[in-house]
Amino acid sequence: SELFGHEKGSFTGATQAKEGLFEIADGGTLFIDEFGEMTGALQAKLLRVLEDGSMRRVGSVKERHVKVRVIAATNRDLQKEVSDGRFREDLFYRINVLTIQLPPLRDRPGDKVQLAQHFSGDDWSITEPTLDVIQKYGWPGNVRQLANAIERAKILSDDGCTIESRDFPPDIMNGVVQPRHGE
């Protein structure tokens with residue numbers, strides 16, 4: 001329903017017809033996050049709209065046509081997902097026009113401090129010991145985890161303008177990096 005829309009009465013609570021994201025993005029670009037998490041049924045429907053631009057709203061028999069460029073993001077290795085039978089090979093080749101590999105934050109030490117300073121904002125300073133903690137920590141949650149840690153530290157700051165390491169969560173202060181799922 002979110003991607004393809006729905007017709008009035010197509011399910012409980014569908015009190016009016018609603019355009020899906022593909023219709024809204026018609027003529028433009030649609031960003032789909034967590035692309036590798038889709039069910040097989042959704043993969044089949046997505047393949048159809050990517051192949052010929054045709055789709056149907058939930059509860060409709062009317063074919064609609066859209067022209068949409070899709071940008072997809074995933075933290076999964078889709079080639080491995082294909083070989084393991086969890087992702088459609090034809091969809092993989094349809095979506096895999098240009099791949100940009102972004103290494104995890106733990107492998108980009110030069111970005112950690114710059115990102116922390118960006119998330120803190122112009123009116124905040126970060127102490128040197130805190131910058132050291134930020135550099136040494138592995139950030140298994142990547143940029144989102146760093147952004148949240150900075151936000152937490154700002155909330156807990158004593159003076160409202162300085163980020164100190166004591167305001168970070170204990171697991172970061174102790175350098176404990178939780179293993180990622182599957183590692």
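The values are calculated or read from the model by the stated rules, or taken from the named source; none is laboratory data. Predicted model only: the values in this text are computed from it and were never measured. Every residue, glycine among them, receives a Cβ derived from its backbone with ideal geometry; neighbour counts consider all protein chains shown. Keep in mind that these areas ignore ligands, DNA and RNA; they rest on the heavy atoms of the full protein, side chains included. Shrake-Rupley method; radii C 1.70, N 1.55, O 1.52, S 1.80 Å.
Assorted remarks:
- Surface per residue (accessible, 1.4 Å probe) for the chain, Å²: 63 Å²
- Between segment 133-159 and segment 1-24, the alpha-carbon centres lie 38 Å apart.
- Segment 1-52: translational diffusion in µm²/s, Stokes-Einstein, Kirkwood Rh over Cα pairs, 37 °C, 0.692 mPa s: 269 µm²/s
- Using a cutoff of 8 angstrom between alpha carbon atoms and counting only pairs six or more residues apart, the relative contact order for segment 1-67 works out to 37 percent.
- Rh by Kirkwood over Cα pairs, then Stokes-Einstein D for segment 25-90 at 1.567 mPa s and 4 °C, µm²/s: 100 µm²/s
- Set against the labelled values (i) 1.12; (ii) 1.36; (iii) 1.54, Cα Rg over 2.2 N^0.38 Å computed from this structure falls on (ii).
- Packing-based ranking, highest mean first, of 143-151, 30-38 given that Cβ atoms within 10 Å are counted: 143-151, 30-38
- Net +/- balance of residues flanking D111 in space, Cβ distance below 15 Å, scoring K and R +1, D and E -1: +4
- Placing unit charges on the Cβ atoms only, positive for Lys and Arg and negative for Asp and Glu, gives the chain a dipole magnitude near 800 debye about its Cα centre.
- DSSP bridge analysis restricted to the chain gives an antiparallel fraction near 30%, rounded to the nearest 5.
- Lys/Arg +1, Asp/Glu -1 at C-beta; the chain dipole; positive extreme among W124, P170, G9: G9
- Pairwise Lys count, the chain - Cα closer than 16 Å, eight or more residues apart or different chains: 6
- Carbon plus sulfur fraction of accessible area for segment 1-77, probe 1.4 Å, in percent: 51 percent
- Summed side-chain charge close to A147 - residues other than A147 whose Cβ falls under 15 Å, Lys, Arg +1, Asp, Glu -1: +2
- Net +/- balance of residues flanking R86 in space, Cβ distance below 13 Å, scoring K and R +1, D and E -1: -2
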